[in-house]
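Presented below is the structure to which this report refers.
Every number here is computed from the coordinates shown, using simple stated rules; none is lab data. These numbers come from a predicted model, not from an experiment. Don't worry about glycine lacking a Cβ; one is built from the backbone with ideal geometry, like all the others, and counts go over all protein chains shown.
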Amino acid sequence: MSVTKELIVVKDLHKNFGDLEVLKGIDQTIHQGEVVSIIGPSGSGKSTFLRCLNLLEKPSSGQIIFEGIDIAAENVDIDTHRKKIGMIFQHFNVFPHLTVLENITITPILELKTPKAQAEKEAIELLKKVGLEDKKDEYPRKLSGGQKQRVAIARALSNNPKVLLSDEATSALDPDATESILKLLRDLNKRLGITIILITHEMSVIKSIANRVAVMENGKVVEEGDVYDIFANPKEEITKKFINSSSALSNITKLIENKTIIPTDSKLVKLTFTRDSVGSATISKISREYNVDVNILLANVDVINADALGGIIASIEGAKENVQRAIDFLHESNVKVEVIHHA
Ligand code: ADP
Ligand code: MG
């Protein structure tokens, strides 16, 4: 899906609850067809931001320009706007006393359809889109979490929305169900061109589906960018914390703390190999050309948007000036070098 046209432009968005300032000036441009992921600590304002986009919360000030119209302004027709947006949540929000089909036909848009058979026909089309047509007569209690979330997604699609907002929609699901819901969301994004804005604390979700990440802290977006770039080169402490939480390489800290690995008089480094890094022979090359011993302690490859991002924790041993020359060479080869422990 090519991402070019601006769909939502948020300018200096503020939201207060009484004296509490929860959103402190958010600026964001969301393009048609994008999958944007929002991460950040609990209480940083992520849900409030999403609820403002949906006008479930009224912004205190600022603009939300949706297809050219400022929906944060007074006198906006909220219902017209809401039709362009679907939303899904962690706890599914399906009606337990209604069958799967009834859960769909009761949505505001289908409820008005006549005759009833027409509403049911459209509901079944929606269930087909989420792969649940064979469950149409079941009650939610008979469904798995992933299937309930599919019902919720079908409901959210009933308006034929431009945007799907997801607030931790996979957080209550096991890894298999998470993967199948992500596959469905990817598919809806590709096939129907639906723009997706999703809040998650699962880095694996971001790696598998998002094009862009926005990191929120204390009511502001503190860092944002292309997913690969953010994972390869996080700048803010909070971003590093989130990224490291998902990386096998962060185990090095534990291994050192537990004295499983005892740094000796060698230099301990973290090397990050991005798509711009030169070839895989870099390690053998530095040992050969600079006469240093490179001992790999931990290694990991992430696949982000189908691109590889590699990481290695290694000790580099040798004469001081040789170690430095080896590190300089790594820099020149676009390998990011972070020193964990100095010799
Ligand atoms: P996040 O989704 O990042 O965890 P939220 O947007 O839910 O954060 O909440 C941000 C802050 O706003 C929190 O301090 C929360 O207590 C407060 N808050 C959220 N909704 C309301 C509300 N309706 N009334 C008062 N305070 C609220
Ligand atoms: Mg939240």
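Across the stretch 66-74, a minimum of one residue is classified as within 24 Å of ARG191 (Cβ to Cβ) and either of a type in the set (Asp, Glu) or more than 16 Å from ligand 2 (Cβ to nearest atom) (or both). Within the option set THR80, THR48, being more than 18 Å from ALA169 (Cα to Cα), outside any loop (DSSP other than H, G, I, E, B) and hydroxyl-bearing (Ser, Thr, Tyr) holds for one residue only, THR80.
Only one entry in ILE88, ILE64 is crowded, with 20+ Cβ neighbours inside 10 Å, more than 17 Å from the chain's Cα centre (by Cα) and assigned to a strand (DSSP E or B), namely ILE64.
Does the stretch 321-341 contain at least one residue that is of a type in the set (Asp, Glu), more than 29 Å from the chain's Cα centre (by Cα) and either assigned to a loop (DSSP other than H, G, I, E, B) or within 26 Å of TYR228 (Cβ to Cβ) (or both)? The answer is yes; a qualifying residue exists.
Taken as a whole, the condition of being farther than 20 Å from GLY193 by Cα, surrounded by fewer than 20 Cβ atoms within 10 Å (Cβ to Cβ) and within 16 Å of ligand 2 (Cβ to nearest atom) applies to LEU56.
Please tell me if ILE8 is within 27 Å of ASP187 (Cα to Cα), surrounded by 22 or more Cβ atoms within 10 Å (Cβ to Cβ) and more than 16 Å from ligand 1 (Cβ to nearest atom). Here the answer is yes, as ILE8 does meet what is asked. Could you grab me the full set of residues in the stretch 25-45 that are within 16 Å of ligand 1 (Cβ to nearest atom) and outside any strand (DSSP E or B)? Once the filter is applied, which keeps residues that are within 16 Å of ligand 1 (Cβ to nearest atom) and outside any strand (DSSP E or B), the stretch 25-45 yields GLY40, PRO41, SER42, GLY43, SER44, GLY45. The residue that is farthest from LYS270 (Cα to Cα), counting only those in the stretch 300-316 that are buried (at least 17 other Cβ atoms within 10 Å of the Cβ) and in contact with a helix residue (DSSP H, G or I) (Cβ under 9 Å, 6 or more places away or on another chain), is ILE304. Please count how many residues of the stretch 6-42 are under 15 Å from ALA72 (Cα atoms) and of a type in the set (Phe, Trp, Tyr). Within the stretch 6-42, residues that are under 15 Å from ALA72 (Cα atoms) and of a type in the set (Phe, Trp, Tyr) number 0. Residues that are within 13 Å of ligand 2 (Cβ to nearest atom) and charged (D, E, K, R) within the stretch 24-53 comprise LYS46, ARG51, listed in sequence order. Taking the stretch 187-222 as the range and being part of a strand (DSSP E or B) and among the polar types (S, T, N, Q) as the test, only THR195 passes. Checking each residue in the stretch 223-240 for being out of contact with any helix residue (DSSP H, G or I) (no Cβ under 7 Å at 6 or more places or on another chain), more than 16 Å from GLY311 (Cα to Cα) and either outside any helix (DSSP H, G or I) or not β-branched (Val, Ile, Thr) (or both) picks out GLU224, GLY225, ASP226, LYS235, GLU236, GLU237.
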